[in-house]
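Since the structure comes first, as structure tokens, the remarks are kept for the end.
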Amino acid sequence: MINRKNTLDKLGNRVEKSQMVNQLFKGQPTKIEVIEMGDTVFCDACNEDYTNNDLATGGFIFGSKAYCPRCAEKRLPSIKSYGEEHYIKAYCPKGMSFKDFILKIRDGNNQIKIITSKKE
Ligand SMILES: [Zn+2]
């Protein structure tokens, strides 16, 4: 499972994302724009739109990116050759569509956050 709310800092302590943003942009005015994606599902590798595709099954989450069935199959050999399988956080269960898999993982948190900061 993906843990979206907490991330580890350099010392291995759990840090809330909002805290991380504060640390990154310490003292600088920061603006966070949130774009609600609803049921929109795109492959993060090839950008193909899977929103209306209930048939395609397969794919996985690599790091924080959603790899569609085609990209997952295409990239798995190189992921394995670099020993990076541990970055694969979840596989699409058999019989589930890629779209439902991604929406289930995002669990209603299907957002894009744009964080901008200005230096004084
Ligand atoms: Zn793809």
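No value in this document is a laboratory result; all are computed from the given coordinates. Since the structure is predicted, the reported quantities are computational estimates derived from the model, not experimental observations. Note that we place each Cβ from the backbone using ideal geometry, even for glycine, and neighbour counts take in every protein chain shown.
Placing dummy labels 7 Å off each Cα toward the beta-carbon, the span from Gln28 to Asn109 is 2.4 nm. A protection proxy built from the mean count of other Cβ atoms within 10 Å ranks the segments 54-64, 86-96, most packed first, as 54-64, 86-96.
For Thr57, the residues whose amide H sits under 5 Å from its own are Phe98, ignoring neighbours fewer than 5 places away on the same chain, with H placed 1.01 Å from N. Charge dipole of region 68-120 (Cα centre as origin; +1 on each Lys and Arg Cβ, -1 on each Asp and Glu Cβ, all else neutral): 140 debye, rounded to the nearest 20. Each peptide in 67-76, 33-42 gets a packing score, the mean of other Cβ atoms within 10 Å over its residues, and the list from highest to lowest is 67-76, 33-42.
Classification of region 29-117 by its C-alpha gyration tensor yields an oblate form. The axis ratio a/c (a ≥ b ≥ c) is 1.5 or more, and b/c is at least a/b.
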